[in-house]
Amino acid sequence: MFKWRPHSKEQDVLSVESDSYQAPTTGVWLIQGLIVLLFLTFIVRFWFLQVHLGEEFARQALANRLRNEEILAPRGRIVDVNGLPLADNQIVYGLSLVREDCDDIPATLAQVASWTDIPMESLQARYDHDKWRTQKFEPMLLASDMSIEQASRIEAQLVSWPGLEIVVRSKRRYPEHDIFAHVLGYVAEANEKEMDADSSLALGDLVGKQGLEFSYEKELRGQKGRNEMDVDAVGRALEKRMLEAPRNGKEIRLTIDRNLQKAAWDALNGEAGSVVVMEPETGKIRALVTAPAYDNNLFSGGISHKNWEALRLNPRFPLQNRVTQSMYPPGSVWKLMMAAMFLEEGIRPEEGVVCPGSYRMGNHVFRCWKHSGHGYMTMQQALINSCDVYFYYNAEKVGIDKIARFAHASGFGQPTGIDLPHEKGGVVPSREWKMQRYGKAWLRGETINASIGQGYTLVTPLQMAVNVASFLNGGMVLKPLLREDSPIEIRALVPAKRETLEFVLNAMRATASVGTAKVIKRPDADMGGKTGSAQVVKLRMDGKRVMKANELPWEQRDHGWMATWGRKEGKTYVVIAMVEHGGGGGSAAGPVAKKVYEHLFGYDPVRQRQIQIEKERAQAAYLRELLNAERRQKAQFLQYQRQVQREQAAAERKKKQEEREAARRAKREGR
């Protein structure tokens, strides 16, 4: 039933307007479109991330769970000719940091410094330098060369220091220390230049820096392996799998005999100098000693600044390889090459020269080492007695051009090619060389100096060994070999006839028998030698008297040379001994060469008899001393017995005296 309700006029108006109102459809569709577009964007983005990039994200997620770890390959050993180890490896421990897993780098570095006693400044500097070479997820080596005790103490605390981990490393070890330092060289961590040149190197890798470690680096290093590890959210390794096994470096067997090397080292007895022992038929080096040297173990774990400065500033230069890098005036050992050149230039060996003790050229006088002169000298006599005037005279006849040409053909003035870095080639002076070096013309007097191995002429002990070997092997200039498996390499042929070479050998044989090299003479072997004294400064005068070597400061004394060869029971060796500032070659370098031959050939019969006599005398002296000691002991015992008896008799007399005195007192008191 309809019921009327009163309403106002305003309500009527609103009612009419409401019936005629139409909603705006454009705005609704716009809002709906925006909502649909937003959902489409989400769907496309979801498809892009999950489908299009899904494989890449899956790979990255796997990479966060999996990590690759390099396995260092053990470095190849170096052994002597008999298999004795000269360079091998030992296990040490290091401490590395994965920056991605570390929450507080400064605090972690400070903790590492306290554990390892590495200065914080050094540790921070290493971190700042190495972080540009490693990814955040790659381990960065902070400390190396830790002992197992130190590593164990640190590992027990690593749970509180995420990102740090103990790593096992290999450290190079040189059991012979300084005796082989200049042959083997040493290893140290690769620097920026080496890592840029070789992509297989990483921070902390050890590479050869000197010696054979440097020359045979590729063979000794080996090839790294690779591990794959599952890690948790904080970077702890959960599981490890080997993807590629490391391949060890190659073992290298040297030609050098460790015991002979030690004997040559001992023969130098602390003097600055060098010894080379070479087989003339093969070029194999059996000993290569240079002294003083250094302990190459100092470099394996990183040499300290203090030790480095001590080596660098040492006035006797222990870092210098005197066999291959030191160049000296050869002195009279140069006369061996000069004699061969004279013969090839047509100078007859029986043609003599009178030596009055000096040789005049214009206004200049060149003296012989024997101021009173040698008298009439043939070529062989000039070699035996080392007469300077003979070589002055004939060198002026031949001229410097022919001398230089023959010297170059004999192997001088160029490196020998030995497998050691930074070898020097020496100096063979000539007209062209002087003009190029100094811009000046050659002088006649300089030919005189060059004839006796003085002036500009410089050689290395190794070059001299190669030259002496060429007289024994038919004129072959051989490459000195340090690897036992290396083939013989002929680098040149001396332009000399076999008769020329034999003449020089015979002259050396006579020099070792009756001449200046007789210190090496022995009845049980075929020996040859030539001494040399190389001037370092001009002759020093005390008034009109030439000062003797022992009157000069050490650094102004002559270098002593001894160039020799020896043959016994089918074995032939060349032995070159050079003693810096030692004075005369026969007195300084001669005893060194003699001791080397005693190791090679044993003591000669005369020396053996002398040793036996000395031993018998020592034994007799010892027995006499024992007898005398026994007599002294017996005399002391008898003296002691007599003293005891005297003291006992005195005590007995004193006792009886006291008893008599007591009896007298008792008798007086009884009265």
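The values are calculated or read from the model by the stated rules, or taken from the named source; none is laboratory data. Not measured: the values here are computed from a predicted model. In this analysis, Cβ positions are derived from the backbone assuming ideal geometry, glycine residues included, and neighbour counts consider all displayed protein chains. To get the accessible areas, we keep the full protein, side chains included, count just its heavy atoms, and leave off ligands, DNA and RNA. Shrake-Rupley method; radii C 1.70, N 1.55, O 1.52, S 1.80 Å.
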Efficiency of FRET between ARG247 and PHE42 - r from beta-carbon atoms, R0 45 angstrom, step 0.05: 0.25
Heavy-atom accessible area of TRP161 with all protein chains present, probe 1.4 Å, nearest 10 Å²? 60
DSSP bridge orientation in the chain - percent antiparallel, rounded to nearest 5: 95
Would you rank ASP104, ASP205 by solvent-accessible area, highest first, keeping every protein chain in place and using a 1.4 Å probe? ASP104, ASP205
Rounded to the nearest 500 deg cm²/dmol, what is the calculated helix-only ellipticity per residue at 222 nm for the chain, with -39500 (n - 2.57) per DSSP H run of length n ≥ 4? -13000 deg cm²/dmol
Cα-based shape type of segment 443-541, given that a ≥ b ≥ c are square roots of the gyration tensor eigenvalues and the cut on a/c is 1.5: oblate
In the neighborhood of SER304, defined by Cβ-to-Cβ distances under 15 Å, what is the net charge if each Lys or Arg adds +1 and each Asp or Glu adds -1? -3
How many nm separate the modelled label positions at ALA156 and ASP128, each set 7 Å beyond the Cα in the direction of the Cβ? 3.5
Which residues in segment 497-513 have a backbone N closer than 17 Å to a point placed 7 Å from the Cα of ASP526 along the Cα-to-Cβ line? 498-513
Counting alpha carbon pairs within less than 8 Å and at least 6 residues apart, what relative contact order, in whole percent, applies to segment 357-498? 21
Can you pull the accessible area of THR26 for me, 1.4 Å probe, Å² to the nearest 10? 110
When only alpha-carbon atoms are used, what values of Rg and Dmax, in angstrom, describe the chain? 43.7, 183
Answer in debye to the nearest 20: the dipole magnitude of segment 362-424 about its Cα centre, from +1 Lys/Arg and -1 Asp/Glu charges placed on Cβ, is 220
Let me make sure I get this right: for segment 571-671, a, b and c are the square roots of the gyration tensor eigenvalues over alpha carbons, sorted descending. Under 1.5 in a/c it's rounded, otherwise prolate if a/b > b/c, else oblate. Which is it? prolate
Out of all Cα-Cα pairs in segment 237-285, roughly what percent, to the nearest whole number, are more than 16 Å apart? 64
Accessible-area order (highest first, 1.4 angstrom probe) of the listed residues ILE400, ILE488: ILE488, ILE400
Could you order peptides 626-633, 569-576 by the average number of other Cβ atoms within 10 Å of their residues, highest first? 569-576, 626-633
Just need the relative contact order of the chain here, percent rounded to a whole number, with Cα pairs under 8 Å and 6+ apart. 11
Taking a 25 Å limit on the Cα-Cα distance, which of the listed pairs LYS530/LYS595; LYS136/LYS306; LYS209/LYS595; LYS131/LYS250; LYS397/LYS518 fall beyond it? LYS136/LYS306; LYS209/LYS595; LYS131/LYS250; LYS397/LYS518
Shape of segment 322-430, Cα gyration tensor, a/c cut at 1.5: prolate
Net charge near GLY222, counting Lys/Arg +1 and Asp/Glu -1 over other residues with Cβ under 9 Å of its Cβ? +4
Order of exposure, largest accessible area first, which applies to ILE35, ILE166, ILE256 with probe 1.4 Å: ILE35, ILE166, ILE256
Got a number for carbon plus sulfur as a percent of the chain's accessible area, 1.4 Å probe? 54
Summing Lys, Arg as +1 and Asp, Glu as -1, what charge do residues with Cβ under 10 Å from the Cβ of ASN321 carry, ASN321 excluded? +1
Please work out the C-alpha center-to-center distance from segment 328-376 to segment 75-96 and express it in whole Å. 52
Extension length gain for ILE35 and ARG567 (0.36 nm per residue less Cα distance), in nm, is 181.1 nm
Taking the dipole of the chain about the Cα centre (Lys, Arg +1; Asp, Glu -1; charges at Cβ), the one of ILE71, SER430, HIS129 that reaches farthest to the positive side is SER430
Please sort through the DSSP H helices of the chain and keep those with an alpha-carbon extent of at least 30 Å along the long axis and a Kyte-Doolittle average not below 0.0. 25-47
In Å², rounded to a whole number, the accessible area per residue of the chain with probe 1.4 Å is 55
Ignoring everything but the protein chains, give the 1.4 Å probe accessible area of SER372 in square angstrom, nearest 10. 90
So, with points 7 Å from each Cα along the Cβ direction, the LYS397-ARG668 label distance in nm works out to 12.1
Taking the alpha-carbon centre of each part, the distance from segment 176-231 to segment 456-533 in Å is 37
